[in-house]
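K.L.:
Below is a structure I'd like to ask you about.
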Amino acid sequence: MLGRLVWGLTFLPSVAFAPRSIVNTLLFEPDGALVPAKPLPPNPFMRDGKALVAIVRGDDPLAMLHAGLNLIGGIGRLGLHGKRVLIKPNVVNDRPPPSTTHPKVVAAVVRLVREAGAQAVTVADSSGIIRFPSSANLAATGIKQAAESAGASVLALEEEPWVRVEAASAKALPRYYVSKPVYDADVFINLPVVKTHRFAHYSCSLKNLVGIIHPRYRPSVSFLSPDWHERIAELNLAVHPHLTIADGTTLMIAGGPTSGTPARADILLVSGDRIALDAVAVALIRTFGAWPQVTEQAVWEQRQIKRAIELGLGIQGPSHIELVTQSLAGPDASFERLVATIRKDLGV
């Protein structure tokens, strides 16, 4: 509670001196037609009834991405030919990784999607409210240049239209507004960073969708609310990533989300199931033992994950997950030990 109060004392003055456009955004609801929550798509990256999660270590993001997708069945399973694909990185502010997704990882995903025959590729995000405008952050982080050079268009989502969703199973947030470009995309690829978070405890696939929500409905606006974790899970009811690729090339292992303690890991996580991937991301953070909010609570007891399971947003627990792993450097004893630790922590 004290941490949230301190955040509020920082947030409110920042809003008070923010440009009028930001204040208006927080005070007034946008225009947006009521649309149904998107149906949960089938996960094409399964084997024997289990969601596959690839853990790949290497130093070339494009090679790592190819390897990770091949481990779970190949990008062809998404059927991208002729589709409109939206890729959502984490651009919370204008700082380098691990605050934000690495531009090289963004470029690798765009190139692979283009090679798979996508009709149009868009990279888009909306930053933290007091870090607006997102357009400046997309440029400052190098993500805009990387995405455009690889063949994608780039959007700052707070400048785009909204649609309203009223998810029947939501309790904390029965109505909220979602970015229309994300809702309208044929295929949605989530591209978070693996990092810690002062209030949400950790940030990965589930948390990354906060950036597609109208600022007025984000957890940070209700900074004294005790249900940050549950709100994050419920925001995921509106739209569903068809694929999640988590950037663990450099992790944040304490602090966050805007700044914190970095740790080099040279890892990508790849999965069609956001809960399974988040569980692996939490287990990975826990191996560093640096963030009590994560280390003192078992993987499957993390509140984001528990609520997401209750909502049926992915797998139901450890018996429904299978890890597939590869080190691109060849035999790697430290990587094998890391994977063994993660397996044990997950109970798989």
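The values are calculated or read from the model by the stated rules, or taken from the named source; none is laboratory data. What you see is a predicted model, and the numbers here were worked out from it, not measured in a lab. Ideal geometry is used to build each Cβ from the backbone, glycine not excepted, and the neighbour counts take in all protein chains shown. We work out accessible area using only protein heavy atoms, side chains counted, and drop any ligands, DNA or RNA first. Shrake-Rupley method; radii C 1.70, N 1.55, O 1.52, S 1.80 Å.
K.L.:
Mind listing whichever residues of region 338-348 are of a type in the set (D, E, K, R) and open to solvent by 60 Å² or more (accessible area, probe 1.4 Å)?
P.N.:
Scanning region 338-348 gives Arg343, Lys344.
K.L.:
Quick one: in region 39-62, which of the residues that are under 19 Å from Ala107 (Cα atoms) and open to solvent by less than 70 Å² (accessible area, probe 1.4 Å) is farthest from the chain's Cα centre (by Cα)?
P.N.:
Gly58
K.L.:
Any residue at all in region 63-81 that is closer than 23 Å to Val35 by Cα, open to solvent by less than 20 Å² (accessible area, probe 1.4 Å) and either of a type outside the set (D, E, K, R) or modelled with pLDDT under 95 (or both)?
P.N.:
no
K.L.:
In addition: One residue is enough: does region 322-333 have a residue meeting the conditions charged (D, E, K, R), over 30 Å from Pro103 (Cβ atoms) and in contact with a strand residue (DSSP E or B) (Cβ under 7 Å, 6 or more places away or on another chain)?
P.N.:
Looking for residues that are charged (D, E, K, R), over 30 Å from Pro103 (Cβ atoms) and in contact with a strand residue (DSSP E or B) (Cβ under 7 Å, 6 or more places away or on another chain), one finds at least one in region 322-333, hence yes.
K.L.:
Across region 326-337, what is the total count of residues that are open to solvent by 30 Å² or more (accessible area, probe 1.4 Å) and under 12 Å from Ala265 (Cβ atoms)?
P.N.:
Residues meeting the conditions: 1.
K.L.:
With in contact (Cβ under 8 Å) with a residue 40 or more places away in the chain, at negative phi and either open to solvent by 40 Å² or more (accessible area, probe 1.4 Å) or not hydrophobic (A, V, I, L, M, F, W, C) (or both) as the only criterion, which of Thr295, Thr258 stands out?
P.N.:
Thr258
K.L.:
If I ask for residues that are in contact (Cβ under 8 Å) with a residue 24 or more places away in the chain and open to solvent by 10 Å² or more (accessible area, probe 1.4 Å), which ones from region 278-292 would you list?
P.N.:
Arg286, Thr287, Phe288, Ala290, Trp291, listed by residue number.
K.L.:
For region 104-122, give me each residue that is in contact with a Lys or Arg (Cβ under 7 Å, 6 or more places away or on another chain) and among the aliphatic types (A, V, I, L, M).
P.N.:
Ala118, Ala120, Val121
K.L.:
Look through region 81-122, keep the residues that are out of contact with any strand residue (DSSP E or B) (no Cβ under 6 Å at 6 or more places or on another chain) and of a type in the set (A, V, I, L, M, F, W, C), and return whichever of them is nearest to Leu209 (Cα to Cα).
P.N.:
Per the criteria, the residue is Val92.
K.L.:
When you scan region 139-157, do you find a residue that is open to solvent by 50 Å² or more (accessible area, probe 1.4 Å) and at pLDDT below 95, even just one?
P.N.:
no
K.L.:
Also, quick follow-up: Which is at pLDDT below 95, among the aliphatic types (A, V, I, L, M) and out of contact with any Ser or Thr (no Cβ under 7 Å at 6 or more places or on another chain), of Ala233, Ala238, Ala170, Ala185?
P.N.:
Ala170
K.L.:
Find the residue count for region 187-228, including only residues that are within 15 Å of the chain's Cα centre (by Cα), more than 27 Å from Gly32 (Cα to Cα) and open to solvent by 10 Å² or more (accessible area, probe 1.4 Å).
P.N.:
Of the residues in that region, 1 qualify.
K.L.:
Next question, about the same structure. For residues that are touching a Lys or Arg at 6+ places or on another chain (Cβ under 9 Å) and over 10 Å from Ile275 (Cα atoms), scanning just region 308-325, find the one that is surrounded by the fewest Cβ atoms within 10 Å (Cβ to Cβ).
P.N.:
Ser319
K.L.:
Please work out which one of (1) over 14 Å from Ile55 (Cα atoms); (2) in a helix (DSSP H, G or I) is the condition Ile285 fails and give its number.
P.N.:
Unmet condition: (1).
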